[in-house]
Amino acid sequence: MTRLLFLFLALLPFFQTFASESVVIRVAGLPSAASTNPADIAEYRILQAFKKKYPHIEVRPAVGLQIEGLGEEITPLMMIAGGISPDVLYVNFRKIDSYVRQGFLYPLDTFIAEEEARDPDWLEKRVRPQVEPVIRRVGPDGSNHIYAIPIQYAVMGLYYNRTLFRRAGLPMRAPKDWDELIEFSKKIMALDSKYYGLFLNTGQHAAWNLMNFLWSSGAQAVEEVSPNEWRAVFNTEEAITAFEFYYRLAEAEKLAVRGAMKQMINSGEMRNVGMQFSYIGSTISLDPNIWGFGAVPAGPTGIRGSEINARMMGIFSGVKDPRKRRAAWDLINFLSSDEVQKIRTDTLIEMGLVNQINPVDLRKYGYQSFLGLAEEGLEEEIIKATEAAQPEPYGKNCNLVYIELTYPLDQILLSPIVAQAWKRGNRKGVRQEMARILDESVKKTNERMLGVVPPKSMHMRRLVAWALVFGLLVGFGFVGKEMLRTFSEVGKATTRVRGIQKYYAWGLLLIPILLTLTWQYIPLVRGAGMALLDYQLILKSTFVGIDNFANVLFDARFWNSMGATLHFALWFLTVGFATPILLAFLLHLTPRHRLIFRTIYYLPALLSGAALFVLWKQFLSADGLINHMLGMIGISVTRSWSEDPMLAMLSCVLPAVWAGAGPGCLIYLAALKTIPEEQFEAAEIDGAGFWRKTQNIIIPGLKPLIIINFIGAVTAAFQSSQNVLIMTGGGPNGATEVAALRIFYEAFMFLNFGPATAMAWILGAMLIGFTLIQLRRLSQMEFRSAGK
């Protein structure tokens, strides 16, 4: 034992040295060892190869909140805001400018200089020429730095459905230009009414597919007019041509079907689509047995609007430990190397998936003998697409670019003026109306996304904002005074608690008071200051005074969201609020089987919120159950409810009413039991019908409960956003983007915490007056037990 003890003490310094050299880095999206997906298996082998090469580095998963449809957009930003950011960040082209401006990324120049000292061509080998302007940015210090390294490239192309092309007698290739795209689509649709020529995405980022048409027409979404200064330019004649062609496909001739990709795949409807835009990277993203790949069709100018993109990695600036930064760089350097791409290629070949590998990689990594198994001409199409490819928009705040482009796109698709001009064959009228919409949208995009506001306009906005803030302060003071006066008078009228009971009462109240202060009022007071700051998570926040309120007050999208909130509240407070009361009364009058009916009505409340809304989203889709039922009675609805501006808000309310009517009904049913049965009997003897009973017995008996619930319902209606987020995401054209959802996007998707806080204060000010009126009425009521 003595010898073992001396041996342990002798080796202890070595164990300590080994432990001190070990470093942990957190990375999002790590592969699972249990996955059977070939791509995941390849990624897991890559991770194992890294661990073997760098045994002192431990890579751990970083997991954040996932939101359906917005995971890649919002999850990393919410992790950064919550203080749980990964040490290595995945960055896309659209977000890199915002990440750099916010100070999220650490400059990689020192590490790159070390690599170039060993290999002068290191950067040239890793970064393609089109992508270098994306990663080389002006940082917060005013100097140019490289902030991210691409680890996986992909290029956009047009995939075609082999089965439908064969049935339509079309050549086994993608269309060469727009004319052929129209021709091929028509031939596919001629096969059967259930087939569509082309698939186009919907939702907040519907304009993602529009970008290919913009580039093919010779237009751009945004343009750098001077170093680090950008302007929206999607109102040129070339851009109008792109929007016009999209309109022809999606609306005028109905050659394309618009929908949610994931929903289309899950329902099996994608097999009825002839063509779709998607990427090809190290692997073919769609099943090569079903889908062939071709370069994006050329537009009228002969340009092919291909997009080059890449998954990029950077180091989070919050990593202060030099060893951890070095470990993060070692991971980025390794993942961007040819060694990693060869592991991917080797793994897929080993698993017999040669036809899913990019033939360019087969040639590069020594598998020329397998090139015969690839689709004929595929390598040439990929090279053609890559050579013409442009990077996805990467300028200032370009994480918003698809949202900004989707607004005018939806306006054009839904415009009756455009539709009438198209039917009359008035192409000039079509283009004039599109030009008007795009001119207005470009002006708004320059203001909202790029922050271009003339000084005179800003001065006027500040004056209006000061008037509003002064009014808010006066209003809050008046409301506070009235609430104190109202409830002080109520308190005087009640029996005073004396002796030790007073201390018991305060003891019982102490915990809820402390919890309310901790989680409600202290954050409210601390957060109030954010409305006066250009609040930054990493960099130093700067005082902007009244500017956040000034910009919010003149933000058309905010007032549009307030209008959408009132629209939602109207539906919610009529259909949603009245339904449980009516249902409770009907159940109260039901002579038998009451328990069965109560159970049936309560069952929907047992479903989880997300599952409930996803289920209803399927019901209300273009080919969903509800539209089929309406068609059976002669009412034709061709669009999904979430895409129709007249029905979208109702589609958000219906699931909530369906699920919430049962629990609300039971509460009102219990309250009805407190009304003496003799009153109903006397009313029947007097010959009172349903409406007289309701007016003279039910409403007076339920009045206190209705008022209490009405206060909560109004507040919930103005703060609700979950169902809208899932059902429509705020679309179409902002028709359902309620204020709470607008605030959520502004804060956690765009990281504009100052403007988001200003919006929240304005919304709160609108609610507090209403709440005071209701509370004053409530304070005048007298509550009695059911037995008295």
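Couple of notes before you dig in:
- A Förster radius of 30 Å combined with the Cβ-Cβ distance from Thr674 to Gln722 puts the calculated FRET efficiency at roughly 0.35.
- Gyration tensor (alpha-carbon) shape descriptor, the range 398-473, a/c threshold 1.5: prolate
- For Leu463, neighbours were defined as the other residues whose beta-carbon sits under 14 Å from its Cβ, and their charges (Lys and Arg +1, Asp and Glu -1) total +2.
- Protection proxy ranking, highest mean first, for peptides 211-221, 642-652, 225-235: 211-221, 642-652, 225-235, where packing is the per-residue count of other beta-carbon atoms within 10 Å, averaged.
- Take each peptide in 103-110, 282-289, 751-758, count the other Cβ atoms within 10 Å of every residue, and average; sorted highest first, the result is 751-758, 103-110, 282-289.
- Seen from Pro175, the other residues with C-beta closer than 14 Å to its C-beta sum to a net charge of +1, counting Lys and Arg as +1 and Asp and Glu as -1.
- Of Lys52/Lys364; Lys254/Lys423; Lys324/Lys396; Lys186/Lys423; Lys320/Lys540, pairs whose Cα-Cα distance is over 22 Å: Lys52/Lys364; Lys324/Lys396
- Rounded if a/c under 1.5, otherwise prolate or oblate - the range 185-280, Cα gyration tensor axes: prolate
- Anchor Lys176: aspartates and glutamates whose Cα lies under 13 Å away (excluding residues fewer than 8 positions away in-chain): Glu381
- Computed over protein heavy atoms with a 1.4 Å probe, the accessible surface of the range 654-729 works out to 48 Å² per residue.
- Modelled label reach - Phe470, point 7 Å along Cα→Cβ, the range 543-561 residues with backbone N closer than 17 Å: 546-547, 549-550
- Helical content alone sets the calculated 222 nm signal of the chain at -17000 deg cm²/dmol, taking -39,500 (n - 2.57) per DSSP H segment of four or more residues and averaging over every residue.
- Accessible solvent surface per residue of the range 509-638, calculated while the other protein chains remain in place, 1.4 angstrom probe, Å²: 61 Å²
- Gyration tensor verdict on the range 207-358 (Cα atoms; rounded if a/c is under 1.5, prolate if a/b is larger than b/c, oblate otherwise): oblate
- Net charge, Ala239 excluded, C-beta distance under 12 Å - Lys, Arg +1, Asp, Glu -1: -4
- Sulfur and carbon atoms: percent of accessible area, the chain [1.4 Å]: 60 percent
- Here Lys262 is the anchor, and the aspartates and glutamates within straight C-alpha reach of less than 20 Å, apart from those fewer than 8 places off in the same chain, are Asp40, Glu68, Glu72, Glu73, Asp287, Asp623, Glu643, Asp644.
- Probe 1.4 Å, accessible area per residue of the range 303-415, Å²: 37 Å²
- Residue-level accessible surface for Glu244, protein heavy atoms, 1.4 Å, Å²: 20 Å²
- Looking at the chain, the DSSP beta bridges with both ends there are about 70 percent antiparallel.
The values are calculated or read from the model by the stated rules, or taken from the named source; none is laboratory data. Fair warning: this is a prediction, and the values are worked out from it, not measured in the lab. So basically every Cβ, Gly included, is an ideal-geometry build from the backbone, and we count neighbours across all protein chains shown. Accessible surface is based on the protein model in full, side chains and every heavy atom, while ligands, DNA and RNA are left aside. Shrake-Rupley method; radii C 1.70, N 1.55, O 1.52, S 1.80 Å.
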